[in-house]
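One structure is given here, and the rest of the page talks about it.
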Amino acid sequence: MSIVTRILALMAATLLLVAGGEVFNGFNLRAKRFAELGGETGQLAHMAALDMSRILEGAHQLLETLAVLPGSHGWDDRACAILQATAKRASEYDHIVAVDREGAIQCRDAGSRRVGLSMSDRSLLDRVLANDDFTVGSYGVSSLSGNPVLRNGNSAKSPPSA
């Protein structure tokens, strides 16, 4: 074998070793990055779950307050004004509608009371009445705003009269 052939073979072997090392390092770097992304994804999911818990707890507290607000005389203008002010102040709520146990709208945050119109999500009302407690409804799209929403409900222990 000539010296030129030997030098070329040695160069080829060296290049193969260098390329092999780069491929190995690339796979190691890729595996480390996937592990980092998995950890970051877990942290983001945990943060989102904590945020959702905070929002649901706030909704629960708000609905508990609103459930006892009207007293025995039904929803009046003062109670509706409180509901409207709450909805405007709290950015996590798309809209708030107060209904009686029959599903008739007593008050809504959009301004007009529209008393007597029927609630559109009857299945949520049925779940609230069956549990007689706070209920998280289904995910959907708001018919008023077109925004994605998570419907919640709460049953007043002493319902307002229509």
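The values are calculated or read from the model by the stated rules, or taken from the named source; none is laboratory data. On a predicted model such as this, the values are computed, not experimentally measured, just so you know. No Cβ is skipped: glycine too gets one built from the backbone with ideal geometry, and neighbour counts run over all protein chains shown.
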**Prompt:** Can Leu62 be described as of a type in the set (A, V, I, L, M), within 30 Å of Val136 (Cβ to Cβ), more than 19 Å from the chain's Cα centre (by Cα) and modelled with pLDDT under 95?
**Reply:** no
**Request:** Quickly run through the range 143-162 and pick out the residues that are under 15 Å from Ile96 (Cβ atoms) and modelled with pLDDT of 75 or more.
**Result:** Asn147, Val149
**Asked** Among Leu56, Leu37, Leu50, which is the only one that is part of a helix (DSSP H, G or I), out of contact with any helix residue (DSSP H, G or I) (no Cβ under 8 Å at 6 or more places or on another chain) and farther than 19 Å from Glu92 by Cβ?
**Response** Leu37
